[in-house]
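The values are calculated or read from the model by the stated rules, or taken from the named source; none is laboratory data. Quick caveat: nothing in here was measured; it's all calculated off a predicted structure. Positions of Cβ are backbone-derived with ideal geometry, glycine not excepted, and every protein chain shown enters the neighbour counts.
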Amino acid sequence: MKSRTSSTAMAIIFGFGLHPAVCADEKAAQPSAPSAPQAQGSPPAAPSQPPVKVSAPPTAEEVEALRREIEELRRQIQTLRDQLRAGLASGQGMALGAAPGETASAIPSPPPAPGLPAAPPAAASQTSNYFNPSISVIGNYLGVGGSNGTENLPSSSLRESEVSFQAIVDPYARADFFLSFGEEGVDVEEGFISFTSLPAGLLAKVGRMRTAFGKINPLHLHVLPWPDEPLPLVNLLGGEEGWIGTGLSVAVLVPLPGEVFSEATLQVLRGDSGELFAATQRGDLAYNGHYRVFRDLSEATNLEVGLSYGLGPNGLTSRSATRLEGLDATLRWKPLRTATYRSASFRGELIRSRREDPLGDQSAEGWFLSGEYQLAKRWFTGARIESSEHADDATQRDRGKALLLTFWPSEFSQVRGELRRREYADGETADELLLQIQFAIGAHGAHPF
Amino acid sequence: MKPTKLAVAGLALALLGLPESPAFAKLKVVTTLQDLASLADLVGGDRVETLALVKGYQDPHFVDAKPSFILKLSRADALIVAGLELEIGYLPPLLDQSRNAKIHPGSPGYLDASTGCEILNRPTQQVTRAFGDVHPYGNPHYWTDPENGRIIARSIAAKLAERDPSGREAYAANLAAFEGRLTEKEREWAGKMAPYAGTKIVTFHDSWPNFARRYGLIIAGHVEPKPGIPPSPTHTLEIINLIMTEKIRLILVEPYFDLKTPKFIAEKTGATVLSFYPSVGGLPEIKDYFALFDYDIDAFVSAMKGKP
């Protein structure tokens with residue numbers, strides 16, 4: 001059935017395409033409403049009439065046949081126009097609008113029906129797709145030059161292909177899925193339902209999600225201002241992937257005086273998470289609390305500060321836990337009038353990991369500071385310094401610094417170079433050049449903030 | 001003891017502050033654009049309190065989803081958006097976090113102002129991003145036609161009456177007054193623009209199809225090679241040639257675009273760069289929807305007269 005409908009639609013489209021005369025005729029018939037055809041969605045289907053031969057001199061019958069055909073076409077066009085008008089009048093209020101010149105006519109007509117959606121531009125054959133989720137794919141290519149024996153990134157890799165499916169579930173919830181395809185294998189990076197219509201100002205999520213620990217961990221790799229994760233996240237939050245948890249998250253707005261936004265989030269998650277947490281039994285859970293405050297300092301400048309606290313079993317013994325503390329701050333400057341040309345942001349994060357270990361507790365800390373400055377509409381430059389001890393051995397400390405240059409050909413693709421030096425605890429110093437190319441296809445996602 | 005007392009006092013204060021007398025409570029209307037806020041003010045009068053998220057001098061395509069907007073949305077009784085995916089870059093996550101189900105799309109407090117308006121440039125063929133930052137639902141700058149402003153005002157009046165039934169008559173009266181004034185103003189604007197019907201212009205971004213159609217202007221080209229793509233040298237040369245051959249006199253530039261390329265083009269061709277404001281609030285004197293057209297049309301006319 002489905003393929004048949006679409007092939008009919010195709011036939012109609014082709015039929016229309018093959019008869020430019022019909023289009024021209026129709027346009028000529030509507031000089032008074034220049035806006036109507038373009039403004040009102042898909043063009044009416046034209047009948048498939050056999051093309052008229054004009055090679056031989058026409059006989060009287062042929063002329064008569066032609067005349068009849070023209071009459072027939074004229075009638076069909078009239079019918080179509082009437083239908084179009086009727087459809088507009090009932091569905092769109094006074095959508096036809098006044099043509100220039102009759103500006104002041106002001107016909108009092110009822111306001112359009114509330115809640116009536118604008119006509120979708122999709123063809124009829126796509127209506128079954130109407131409720132499909134928004135789909136997008138983001139490719140993240142990374143090329144690496146230089147040598148590094150400690151952290152051996154491949155010379156060339158499609159580091160991640162992130163596929164997302166996002167849609168409204170029902171009047172109470174929406175769902176978001178982010179599947180992260182490596183060159184081999186797939187991970188569900190996130191997959192959760194958000195209940196957006198809860199009472200008491202609550203916002204709840206259930207599923208698998210990047211934990212709201214700090215400002216960087218909740219972000220996907222492709223929206224980071226660098227091609228790589230900063231050291232404190234890698235060393236203290238369980239590696240490149242960061243802290244991803246499965247469970248429940250509840251966030252509530254905490255009213256503060258003035259126009260200050262503040263939000264408290266509590267997350268209860270399964271006690272296993274990558275290399276970070278390991279539960280010996282089902283009842284061992286991990287917890288995360290995050291509190292953030294955001295304030296507009298001026299029209300162009302704003303500051304966000306967050307505090308995080310995480311706790312979970314580390315699996316070294318049946319009772320040993322790892323506690324995580326985090327402090328993050330982000331300062332942004334973006335004058336609104338020139339917002340697409342000039343902006344700057346500074347961010348920093350401090351993370352401490354306290355790991356109970358039968359061989360000796362480890363208290364390790366790490367931090368990064370980073371700045372980004374927009375040089376022109378499509379050019380950004382940035383710098384980052386970072387330092388972090390190892391979660392399992394606080395005597396080991398890695399350090400790094402990096403310079404960045406990013407070019408955005410459009411909103412949907414990005415080329416970024418990072419010149420980075422990392423000094424590892426084992427004594428190695430590695431100088432590398434990272435070249436990242438990212439590209440997005442599909443639905444236009446919201447820009448992260 | 002002391003902290004407990006403080007807490008009790010705080011709680012009492014909070015409780016005192018909470019129950020606002022509903023008879024005096026204004027309907028809180030949040031809009032994305034200042035144009036929509038202005039229309040809501042004109043129709044809502046003193047029964048509503050409006051707040052626009054985007055400033056009139058800001059590019060409405062690129063707005064940061066600041067958490068402070070979540071706070072504003074969480075308190076709104078109604079939300080009016082321009083629609084046609086103009087807000088797609090920032091509004092959906094804000095709405096999800098607003099904890100305010102009554103302003104979600106499809107809920108009674110949500111109004112898509114494009115409903116019923118005359119929308120131009122709806123793609124009639126398959127579009128891809130090779131066309132630049134195209135809007136698959138049509139050009140979202142539709143409020144630059146005052147007749148669309150009339151339709152928006154009617155939609156707003158209907159929505160306000162639905163949200164605040166006791167104000168139905170007030171909204172109807174305000175709407176009638178607005179429409180009367182608009183009709184008068186439209187006559188005045190049409191009169192001022194009439195001598196320039198058929199004038200060819202170049203604009204920076206494709207923000208003006210509705211305005212141009214209303215006043216019979218012909219948009220011959222854009223400084224942007226494609227929507228959202230910054231000027232390129234080859235395209236700039238093409239525009240210079242176009243301006244020379246078509247003898248175009250004005251280059252209209254929205255307030256949030258860099259004037260460098262338009263000025264360069266103007267230098268090479270003798271055309272005039274005119275800052276043209278698509279939204280209320282683009283300049284301090286553009287205080288409302290009427291002032292928007294007053295300003296732009298006067299600026300256009302004097303720019304045209306400046307070069308006889």
Worksheet entry | Criterion (under 26 Å from B:TYR215 (Cβ atoms), modelled with pLDDT under 95 and crowded, with 17+ Cβ neighbours inside 10 Å) met by exactly one of B:ARG122, B:ARG99 | B:ARG122
Discussion item. So the check is Cβ under 9 Å with 6+ separation or different chains; which pairs have a first residue in region B:167-187 that's touching a residue at least 24 places away in the same chain (Cβ under 8 Å) and a second one that's loosely packed, with under 14 Cβ neighbours inside 10 Å and not aromatic (Phe, Trp, Tyr)?
Written reply: B:ALA170/B:ASP46; B:GLU179/A:PRO108
Worksheet entry | Criterion (in contact with a Phe, Trp or Tyr (Cβ under 6 Å, 6 or more places away or on another chain), within 10 Å of chain A (Cβ to nearest Cβ), in contact (Cβ under 8 Å) with a residue 40 or more places away in the chain and of a type outside the set (Val, Ile, Thr)) met by exactly one of B:LEU111, B:LEU84 | B:LEU84
Worksheet, complete the sentence: When B:ALA76 is run through (1) within 11 Å of chain A (Cβ to nearest Cβ); (2) part of a loop (DSSP other than H, G, I, E, B), the failure sits at (1)
Worksheet item: How many of the residues making up region A:329-358 are more than 13 Å from chain B (Cβ to nearest Cβ) and assigned to a loop (DSSP other than H, G, I, E, B)?
Response: 3
Worksheet item: Could you count how many residues in region A:138-177 are under 23 Å from A:VAL415 (Cβ atoms), of a type outside the set (S, T, N, Q) and touching a Ser or Thr at 6+ places or on another chain (Cβ under 8 Å)?
Response: 10
Practice prompt. Mind counting the residues in region B:151-166 that are in contact (Cβ under 8 Å) with a residue 24 or more places away in the chain and surrounded by fewer than 22 Cβ atoms within 10 Å (Cβ to Cβ)?
Written response: 3
Worksheet entry | Qualifying position, being facing chain A (nearest Cβ under 9 Å), modelled with pLDDT of 95 or more and surrounded by 17 or more Cβ atoms within 10 Å (Cβ to Cβ), among B:LEU217, B:LEU175 | B:LEU175
Practice prompt. Scan region B:100-138 residue by residue and report those that are of a type in the set (Val, Ile, Thr) and within 21 Å of the chain's Cα centre (by Cα).
Written response: B:ILE103, B:THR115, B:ILE119, B:VAL134
Worksheet item: Condition test on A:LEU336, is it over 23 Å from the mean Cα position of the chain (by Cα) and either more than 30 Å from A:SER413 (Cβ to Cβ) or surrounded by fewer than 19 Cβ atoms within 10 Å (Cβ to Cβ) (or both)?
Response: no
Worksheet entry | Members of region B:178-190 that are surrounded by 21 or more Cβ atoms within 10 Å (Cβ to Cβ) and either among the aliphatic types (A, V, I, L, M) or within 9 Å of another protein chain (Cβ to nearest Cβ) (or both) | B:LEU182, B:GLU186, B:TRP189
Item to complete: Please specify each residue of region B:122-164 satisfying the condition of being aromatic (Phe, Trp, Tyr) and facing chain A (nearest Cβ under 9 Å).
Response: B:TYR137
Response to the item:
Of the candidates B:LEU53, B:LEU71, the one satisfying the condition of being within 13 Å of chain A (Cβ to nearest Cβ) and farther than 20 Å from B:HIS141 by Cα is B:LEU71
